[in-house]
Protein chains: 2
Amino acid sequence: MGATKTVAAKADGQRGARATINDVARLAGVSKKTVSRVINRSPLLNEETREKVEKVIRELGYVPNPQARALALRRNFLVGLIHDNPNAQMVLNMQQGILEALQGTEFEMVVRPVDRNSAMMLDDVRVFLERQRLFGVVILPPISENDALAALCDEVGCRYVRMGSAQLDDGIHMVASNDREAVREATDYLIQQGHSLIGLIEGPDGFRSARERRLGFEEALQAAGLTLPRSLIAQGNYTFETGVTAANRLLDLSPRPTAIFASNDEMAAGIVFAARERGIAIPDELSVIGFDDTPIAAHIWPPLTTVRWPIVSMARAAARKLVGDMVGGQAAAEQPSELPSTLVKRASVAPPPA
Amino acid sequence: MGATKTVAAKADGQRGARATINDVARLAGVSKKTVSRVINRSPLLNEETREKVEKVIRELGYVPNPQARALALRRNFLVGLIHDNPNAQMVLNMQQGILEALQGTEFEMVVRPVDRNSAMMLDDVRVFLERQRLFGVVILPPISENDALAALCDEVGCRYVRMGSAQLDDGIHMVASNDREAVREATDYLIQQGHSLIGLIEGPDGFRSARERRLGFEEALQAAGLTLPRSLIAQGNYTFETGVTAANRLLDLSPRPTAIFASNDEMAAGIVFAARERGIAIPDELSVIGFDDTPIAAHIWPPLTTVRWPIVSMARAAARKLVGDMVGGQAAAEQPSELPSTLVKRASVAPPPA
DNA sequence: AGCATGATGGAAACCGGTGTCAGATTAAAG
DNA sequence: CTTTAATCTGACACCGGTTTCCATCATGCT
């Protein structure tokens, strides 16, 4: 039976079987260990030897077996993406950003949705991390705001980078935008257009993003000397449906607000929907600004003025922070930990009716 | 420092470190190999021995190390998701379906977007499959229609299941919906409402889904004795923007169609957008039906009548087909390979104007 | 020149499982 | 009460890397 083993025509050609570290070592006239040193960028290594080995690796098209490395290093070359609930477009953009950063490396991305409300959530994640021995994880908002989760990562020795709407730590384990400032700017824009009765549909309690966006909104009004009665603030949970409900409440008010800022685009789309049902014209009778710049913002009528949240770049930066050192790129610390949001002006804002 | 190790909640056994197969073997008084047989559900095994070993496994909370298994089996416990381009909501729903099927198993999902137009696509995928030694892949439309890709999977010995709009093979490697029939039904509905001048915005050439949906449309018209002049057919590439363009072409016609079927919701949303720009009322002056039932269908005004494409169930079935045998569930062959689409009636269809 | 010093390279053990195959055990048959 | 066959079991090599421990070798210093 031993004779019938897979006949690997390894020597030179790119036959069926792939080259192993032994092939490289033999052809380069060195030991496995030396090849391993080259692969792992060991600093104490003769430059000449390194080049010789690298040449053979190139010629052979040798790629180390990830499974074997994972076993020996007790660490997988996988980056996990932990997320809960959020908007599909957002998650997919994050995935895109991470994959861009992982492009051309030996890393792959595994996706792990979790249920924030489940009592088992932390246990599930623990099993996941310990079992798979992930290289690291990127944690998406809103679950990224869960400090217990970050603590768990530390405990099981898994690197992590959190994404969010404001810095939560020193920037080592975090990539953030600055939502507060962006919303302040967006609200200023409404004020400049002449609005003074501006409603807010904020996100759910306990969400950092909701809090930051609300603070930005309040700061802008305050700076302009405008008051913000409690009645002009409605709350939603970032879904279209709650946006409709919240908008209906605000539009029932008398006097009616002439503009509404929604904490995300889904809810802003809900405002547009509710206004349409009531025959309120946008932007002539009501101005609307959203947040995120998801595709829906551009695809409804009228196209939505919104704040573009740089999630693809954030995710890319997060993934680079994780694997940066390993792939010969910039060090993790050199990755930006805060990225700017920008106001995108479309057709849902106009001066208030006379 | 060994003392400071994470104290895992292991029933009684060892300290922090997790149990290995050797621990189990020792405590059960058998050899590694026997434990391995229990884990892998080997049939030739004394029932008594099996129970004894399983008891120890349970008490120890032992879980085999995936990295070691991957190395020995030359196969990873990862299911790949290969997709290109498509709509975010669709991809995420697919991910959800796959993850549901993988829930509670030792499998994880890794995501791999590809560029259909890149010359390197096949090579990229080959490297991916060979490097990672995936257990199997689920291939999403439209790239799932690429036969070369399926052939590549066969070649490198990677299981695969394709998803699509119609059966392409015997159902072993495919999970499909029956788009043609669903569209025929939707078109019938328009005809029953009294429409006779019905436009079609079809998908791009070379897409199976586009073809099936167009065929269903034509069959319905034919069955009703209606003609379909070439001018009533416009084409888009499944994006909102091309939907707007195509709709504009159809709405310029004279006489103008009183209803339009779009091959997907994005393009249907484009019709609504274009109609709104021209002041054409929906559904009073124009009826619209889309396909997919993505969230946008329910979130625009008026809510879109559309065909609900059962992608979550399809993805779940696909993943089960891949890993079914391994996780003690139903055999792959028992998984359904065709799932039904259903018409969802909302507010974008009405009888034609008088 | 002689010796301490640090830089390399190699043999073998190890990571934690699985395959092979011979030997042990048990059951069925003669 | 053997013999034969069928069923289980375990020793050992192996998957393809990394790491430990040492022997070797070129160089710096006295």
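Picking from residues in the range B:1-27 that are at pLDDT below 60 and not in a loop (DSSP other than H, G, I, E, B), the one that is nearest to the other protein chains (Cβ to nearest Cβ) is B:4.
If you check A:275, A:281 for being within 11 Å of chain B (Cβ to nearest Cβ) and not β-branched (Val, Ile, Thr), only one passes: A:275.
Only one of the numbered conditions (1) modelled with pLDDT under 85; (2) near DNA strand D (Cβ under 8 Å from one of its atoms); (3) within 32 Å of the chain's Cα centre (by Cα) is violated by residue A:65, and that is (1). Of the residues making up the range A:256-285, those that are assigned to a helix (DSSP H, G or I) and either at pLDDT 95 or above or touching a His at 6+ places or on another chain (Cβ under 6 Å) (or both) are A:265, A:267, A:268, A:269, A:270, A:271, A:272, A:274, A:275, A:278. Just one residue in the set A:349, A:312 is of a type in the set (A, V, I, L, M, F, W, C), touching a helix residue (DSSP H, G or I) at 6+ places or on another chain (Cβ under 9 Å), over 30 Å from residue A:39 (Cα atoms) and assigned to a loop (DSSP other than H, G, I, E, B); that residue is A:349. There is no residue in the range B:28-39 that is more than 14 Å from chain A (Cβ to nearest Cβ), near DNA strand C (Cβ under 9 Å from one of its atoms) and modelled with pLDDT under 85. Taking first residues from the range B:209-223 that are within 19 Å of residue B:265 (Cα to Cα) and touching a residue at least 24 places away in the same chain (Cβ under 8 Å) and partners that are of a type in the set (Val, Ile, Thr) and part of a helix (DSSP H, G or I), the Cβ contacts under 6 Å between residues at least 6 apart in sequence or on separate chains come to B:213/B:183; B:216/B:183; B:217/B:183; B:217/B:187. Scanning the range A:169-202 for residues that are over 21 Å from the mean Cα position of the chain (by Cα) and among the β-branched types (Val, Ile, Thr) yields A:187, A:191, A:198, A:201. Does the range A:226-244 contain at least one residue that is assigned to a helix (DSSP H, G or I), closer than 26 Å to residue A:140 by Cβ, within 14 Å of another protein chain (Cβ to nearest Cβ) and polar (S, T, N, Q)? The answer is yes; a qualifying residue exists.
Out of the range B:31-49, which residues are over 39 Å from the mean Cα position of the chain (by Cα), more than 7 Å from DNA strand D (Cβ to nearest atom) and in contact (Cβ under 8 Å) with a residue 12 or more places away in the chain? Of everything in the range B:31-49, nothing turns out to be over 39 Å from the mean Cα position of the chain (by Cα), more than 7 Å from DNA strand D (Cβ to nearest atom) and in contact (Cβ under 8 Å) with a residue 12 or more places away in the chain.
Could you check, for the range B:131-152, whether at least one of its residues is part of a strand (DSSP E or B), closer than 23 Å to residue B:237 by Cβ and within 14 Å of chain A (Cβ to nearest Cβ)? No, the conditions are met nowhere in the range B:131-152.
Here's the yes/no breakdown for (1) within 16 Å of DNA strand C (Cβ to nearest atom); (2) among the aromatic types (Phe, Trp, Tyr):
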site: B:66; (1), (2): yes, no
site: B:71; (1), (2): yes, no
site: B:79; (1), (2): no, no
site: B:83; (1), (2): no, no
site: B:86; (1), (2): no, no
site: B:107; (1), (2): yes, yes
site: B:112; (1), (2): no, no
site: B:115; (1), (2): no, no
site: B:121; (1), (2): no, no
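When the residues of the range B:262-282 are filtered to those that are surrounded by 20 or more Cβ atoms within 10 Å (Cβ to Cβ) and over 23 Å from the mean Cα position of the chain (by Cα), the one that is nearest to residue A:301 (Cα to Cα) is B:273. If you go through the range B:153-172 and keep only what is crowded, with 21+ Cβ neighbours inside 10 Å and either part of a loop (DSSP other than H, G, I, E, B) or among the charged types (D, E, K, R) (or both), you end up with B:158, B:162, B:165. Against the numbered list (1) within 14 Å of residue A:159 (Cα to Cα); (2) more than 13 Å from chain B (Cβ to nearest Cβ), residue A:119 comes up short only at (1).
For the range B:43-91, the tally of residues that are part of a helix (DSSP H, G or I) and farther than 27 Å from residue B:309 by Cβ stands at 22.
The values are calculated or read from the model by the stated rules, or taken from the named source; none is laboratory data. Everything numeric here is computed off the predicted structure, so don't read it as measured data. FYI the Cβ positions are ideal-geometry reconstructions off the backbone, even for glycines, and counts take in every protein chain you see.
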